[in-house]
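Novice: To start, I am sharing the structure in question, which I have written as structure tokens.
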Amino acid sequence: MLGQAKNSGNLQVQIYLPIAELSLNLFFLIGIGGIVGFLSGMFGVGGGFLLTPLLIFSGIPAPVAVASVTGQVVAASTSGALSYMRRNLIDFHLALYLILSGIIGAFLGVYSFSALRQIGQLDLVISLGYLIFLGSIGIIMLIEALRSLWRYRGGEKLPTKLPGKHNWVHGLPLRIRFKRSNLYVSVLPVLIIGASIGFLGALLGIGGGFILVPALIYILRVPGSVVIGTSLVHVLAIMAAATILHATSNYSVDILLAFCLMVGGVVGAQFGASIGKILRADQLRAMLALIVLLVALRFASSLIFTPDDIFSTSLITLAEIR
Amino acid sequence: MGLLKYIIIIISLFLFSLTPSFAQRIISALTDKEISIDQGFSGDSLTIFGNIEPQIGAKTPYIEGPFSIIVTIKGPAVNRVVRKKNKQYGIWLNNEELIFENIPSYYWLLASDKIDDFSSKPLDKIADIMPQKQPFLVKVRGKANREIFAKELSRLMMKKGLFGINEHGVKFLSDTLFSLRLELPSDVPVGSYLATIYLFKNGELIAQKSAGFSVRKTGFERLLGSSAKQYPLAYGIITVILALFTGWLGGVAFRR
């Protein structure tokens, strides 16, 4: 497997992770941070949905992986968010509503995380969560991207605005005008989206950008120009809150692990962002959809196929036994 | 290998700490009294030396070698849960569990000969000190089958390198001088350890000696480990500030 705890590579620079309580190869950690950072910069997503599974498959305990990746996602989103801010591509008004509801969601997410960990079903919920959300989002994204690629091939000009700007969501009460996004929508779907992403983000160790971006585009009809910047600001704020919540309730944030991933991620993201500007949005979406589906399949196989070992053991504290 | 230190520290010379009926005593020394976990820690090894000497003032006569030795090394006690996956609703999920209380977090048995070669009389004693036996000796909580889960726990612990048997782990350098080397994995549990040396002659236990050492996080690792538990809020906030700073710095450094 990738970077075993007892490594035997050529680059023997081991780093001891004080919270995970094992040592891993430093270059392996910075390397996966860099690759995932590259992809995250390219697609404008946090990258947590790739990083958390990679760490879990490398032998880092799931609670430490999830909590430390939340810290890494903060760093990965910061450079992106700043770059979008300079280009004035963020709707801060919309972001504020998303963030406030998102923090409540993150709180519930971390609470569920602790509860599931105690009853031994955290791994199952993480696997199922990844499978369901990555699977469904991946399929929707792929179909959508393939359709638009098909139209592009046919020489058809892509519409600048999505057809049917108003859907049933826009008929809900409590409407608010978001000037930057040129939207006049009910606050309810905004809050529900914000809270759901916060919940899933904290529970699964993902920024949620890959769910938030399509939700903002297809449900709220936020224009493509501000979608990525706004989603990055939301991811940044929610993951910052989730990091603190994980640190205070689960003590499972490994700052050294997070820092190694951050360094790789931040550097990778800069290169990814340059590539992302060259490629067309529909091409990017198709690629992202494929990656998302691959991760979903990996989790599906772990649930469906007979595991290598049906027995597992973990430490448990007296408080958890009661 | 490079970490192996040959500075011998005599940790105890309690001449009369042994049961007086033994005609011999064991003098032991460890290469390290404390194993430090710092940034570059990727496991370590520890060597224990020992010598068999006549007991001063013993009433029974001194027995000549050759001897047989068993050494057990026990880590700090922890609670562990063992879970079993079963296929339910078409997917594999954990649905059986058993909690083992105060199980050793680390347990190795090293011997100078094959365990079978130790004659039948002390075998009852040995049976209890075998690593596989440990999960059977502690209190459990849960409804699952104890027999099966205890066996699986020792198997899992052996797979992790936290439990184990090395039947030729104790080497005699002369008739009375012996040494043993202990490998500690990178995820070695932190806390106090106890090494117990059992001396056998023709299957009879003739002397026994214990020596302690500890595994500690030191320096920066210790600071991080303890502050995560003691000041979790500050620790979380610092992580976030570090993340923001790293992200910002990256943006500035790569701005074109």
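Novice: Could you sort out which of B:Lys84/B:Lys143; B:Lys85/B:Lys217; B:Lys74/B:Lys217; B:Lys139/B:Lys229; B:Lys74/B:Lys143 sit more than 24 Å apart by Cα distance in this structure?
Specialist: Values: B:Lys84/B:Lys143 12 Å; B:Lys85/B:Lys217 34 Å; B:Lys74/B:Lys217 18 Å; B:Lys139/B:Lys229 28 Å; B:Lys74/B:Lys143 28 Å.
Correct reply: B:Lys85/B:Lys217; B:Lys139/B:Lys229; B:Lys74/B:Lys143.
Novice: Counting other beta carbons within 10 Å of each residue's own, what order do A:Val66, A:Val13 fall into, fewest first? Write down the numbers at each step before the final one.
Specialist: Working: A:Val66 31, A:Val13 15.
By the 10 Å Cβ count, ascending: A:Val13, A:Val66.
Novice: As a check on your grasp of the helix formula, calculate [θ] at 222 nm for the protein assembly as shown: sum -39500 (n - 2.57) over DSSP H runs of n ≥ 4, divide by the residue count, round to the nearest 500.
Specialist: Dividing the helical sum by the residues of the protein assembly as shown leaves -16000 deg cm²/dmol.
Novice: Mean Kyte-Doolittle of at least 0.5 and a Cα length of 27 Å or more along the axis: which whole DSSP H helices of chain B meet both?
Specialist: Numbers: long enough: B:232-253 (31 Å, 1.75).
Helices passing the filter in chain B: B:232-253.
Novice: Moving to a separate point now. With contacts defined as alpha carbon pairs under 8 Å and 6 or more residues apart, what's the relative contact order of chain A in percent? Spell out each step's value before the answer.
Specialist: Details: 536 pairs, mean separation 117.7, N = 322.
The normalised contact order for chain A reaches 37 percent.
Novice: In whole Å, what are the Cα extents of the stretch A:77-116 along the three principal axes, biggest one first?
Specialist: Per principal axis, max minus min of the Cα coordinates gives 42, 20, 7 Å.
Novice: A further question on this structure: With axes computed from alpha carbons, what is the tilt in degrees of helix A:92-119 against the longest principal axis of chain A, rounded to the nearest 10 within 0 to 90?
Specialist: 30
Novice: Oh, and also: How big, in percent, is the set of alpha carbon pairs in the stretch B:24-217 lying more than 28 Å apart?
Specialist: Numbers: 6460 of 18721 pairs.
When all Cα pairs of the stretch B:24-217 are counted, 35 percent exceed 28 Å.
Novice: Then there is this: Cα axis of helix A:122-153 to longest principal axis of chain A: angle in degrees, 0 to 90, nearest 10?
Specialist: The answer is roughly 40 degrees.
Novice: Compute the angle between helix A:224-249 and the longest alpha-carbon principal axis of chain A, please, reported from 0 to 90 degrees and rounded to the nearest 10.
Specialist: 30
Novice: Another one. Starting from 0 in steps of 20 Å, tell me what percent of the Cα-Cα pairs of the protein assembly as shown lands in each bin.
Specialist: With a bin width of 20 Å, the distribution comes to 19, 44, 25, 10, 2, 0.
Novice: Limiting things to C-alpha atoms, what are the Rg and the maximum Cα-Cα separation (Dmax) for chain A, in angstroms?
Specialist: Just the Cα atoms of chain A yield Rg and Dmax of 19.7, 66 Å.
Novice: Something else now. Which far-off residues, 5 or more places away or on another chain, put their amide H under 5 Å from the one on A:Arg280, with H placed in the peptide plane?
Specialist: The list, which skips near neighbours in sequence, is empty: none.
Novice: Follow-up question, since we're still on this one. HN-Hα J couplings of the stretch A:204-218 from phi, Karplus 6.51/-1.76/1.60, θ = phi - 60°, integer Hz, Gly and Pro as x?
Specialist: 3J(HN,Hα) across the stretch A:204-218, in whole Hz: 9, x, 10, x, x, x, 6, 8, 5, 4, x, 5, 5, 6, 8.
Read the figures in this text as sums done on the coordinates, not as results from a lab. Keep in mind it's a predicted model, so treat the numbers as computed, not measured. Because the Cβ atoms are built from the backbone with ideal geometry, glycine has one as well, and the counts that use them run over all protein chains shown.
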